[in-house]
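To keep things clear, I will list the structure first and then write my remarks on it.
The values are calculated or read from the model by the stated rules, or taken from the named source; none is laboratory data. Keep in mind that what you see is a predicted model, and the values were worked out from it rather than measured. Note that we place each Cβ from the backbone using ideal geometry, even for glycine, and neighbour counts take in every protein chain shown. Accessible surface areas use protein heavy atoms only, side chains included; no ligands, DNA or RNA. Shrake-Rupley method; radii C 1.70, N 1.55, O 1.52, S 1.80 Å.
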Amino acid sequence: MDAYPECSREREAALETGDIAICASDHETMPRTPFEQAGSGQVLVIRDEPWAYDCVPGDYRLAGDLAHLETLAVRAVRNWDEAVAENRRMVEHVRAVRGPEQCGGRTYRDLRERVERRVSAFEDAETRRNVEAAASEFDGGDEAPLDELPERVGADVPIADLVYALRSLGYRDDGNPGTPTFVPGGDFG
């Protein structure tokens, strides 16, 4: 048996030749290499840690505390067909909760909610009123260059807040190269 402490890009061939992967990590490493290994057909024995359960079903029979990973690996080898079936069940669960559509949908909903909260914060806020007054000073309100807005607002307001305020006022970025310029008529929804 060959054991590798990490599955580096140089060892990607291990994904094609390996039979079992043991993830003893106490923290999430983001690239999700253990799940890539499981998806390639390797049976995944994983440490019972909270970070794992955003991908692993709560009743995954090949998850255990650090002291029992070796026992779980031996049990998996001795009961190979059951271990393979359990791994496949986990991989299907990962696909159901972490597939591109699911992740994209969660990310989109999260971003939309965050933006809506920020935009709604300007509905009656002083920043919104100050931005509205400053934006109307630019060419009769037809165009608001973002780089000149902070000085005209007259307050220490983060650029992101100025952008949200402009959007809540119905301005949109007109796509000028260089200095972002906002014009009336934006549809933020």
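Details
- In the range 41-56, the residues that are open to solvent by 10 Å² or more (accessible area, probe 1.4 Å) and under 18 Å from Asn79 (Cβ atoms): Gly41
- Candidate set from the range 68-100 (those that are modelled with pLDDT of 95 or more and small (Gly, Ala, Ser)); member that is farthest from Cys23 (Cα to Cα): Ala85
- Unmet criterion (only one of (1) of a type in the set (Lys, Arg); (2) closer than 22 Å to Pro180 by Cα; (3) crowded, with 17+ Cβ neighbours inside 10 Å) for Arg112: (3)
- Lone qualifier among Asp59, Asp65 - being open to solvent by 60 Å² or more (accessible area, probe 1.4 Å) and closer than 13 Å to Cys23 by Cα: Asp65
- Residue in the range 28-35 that is of a type outside the set (A, V, I, L, M, F, W, C), at pLDDT below 85 and in contact with an Asp or Glu (Cβ under 9 Å, 6 or more places away or on another chain) present: yes
- Single unsatisfied condition, Asp26 versus (1) open to solvent by less than 20 Å² (accessible area, probe 1.4 Å); (2) not in a helix (DSSP H, G or I): (1)
- Some residue of the range 172-181 being touching a strand residue (DSSP E or B) at 6+ places or on another chain (Cβ under 7 Å), among the polar types (S, T, N, Q) and modelled with pLDDT of 75 or more: yes
- Residue satisfying all of: in the range 177-188; more than 15 Å from Glu132 (Cα to Cα) and touching a helix residue (DSSP H, G or I) at 6+ places or on another chain (Cβ under 9 Å); surrounded by the most Cβ atoms within 10 Å (Cβ to Cβ) among these: Pro180
- In the range 136-176, the residues that are within 21 Å of Glu116 (Cβ to Cβ), in a helix (DSSP H, G or I) and either open to solvent by less than 70 Å² (accessible area, probe 1.4 Å) or free of Cβ contacts under 8 Å to residues at least 24 places away in the same chain (or both): Ile159, Ala160, Asp161, Leu162, Val163, Tyr164, Ala165, Leu166, Ser168
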